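Here is the structure we will look at.
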Amino acid sequence: MTINVRLDKELERALVALARREGLTKSDILRLCLKEFLARKLRSTTPWELGKGVFGKFASGRSDLSSRRKAIIREKVRAKKDRRRLGPPRRPLR
């Protein structure tokens, strides 16, 4: 298959210089670049791979977060609503 690609002057100069230095054709260089780019982009990344750098780094001190997450969120939302409803604490009369 033939593909035409428009390059700006700077990119064309860099491609020509690299091809000369490596002893390859411009087409060979572009093929290698495209192959590497596609391999990187098409590699399937699992959710574990995406987050493995942060898993377990931040401890909450709670052992029930995964099993009670919905109840915990409900409790926090309810407490926030209660604080808003009651308003700021009143100062005692003197």
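The values are calculated or read from the model by the stated rules, or taken from the named source; none is laboratory data. Treat the numbers as computed from the prediction; the structure is a model and nothing was measured. All Cβ positions, glycine included, derive from the backbone under ideal geometry; neighbour counts span all protein chains shown.
Taking (1) in a loop (DSSP other than H, G, I, E, B); (2) at pLDDT 95 or above; (3) not aliphatic (A, V, I, L, M) in turn, Ser44 satisfies each apart from (2). None of Lys70, Lys80 is at pLDDT 85 or above, loosely packed, with under 10 Cβ neighbours inside 10 Å and charged (D, E, K, R) except Lys70.
Here's the yes/no breakdown for (1) assigned to a loop (DSSP other than H, G, I, E, B); (2) of a type outside the set (Gly, Ala, Ser); (3) loosely packed, with under 10 Cβ neighbours inside 10 Å; (4) in contact with a Leu (Cβ under 7 Å, 6 or more places away or on another chain):
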| site | (1), (2), (3), (4) |
| --- | --- |
| Thr2 | yes, yes, yes, no |
| Leu11 | no, yes, no, no |
| Arg21 | no, yes, yes, no |
| Leu24 | yes, yes, no, no |
| Leu34 | no, yes, no, no |
| Phe37 | no, yes, no, no |
| Arg40 | no, yes, yes, no |
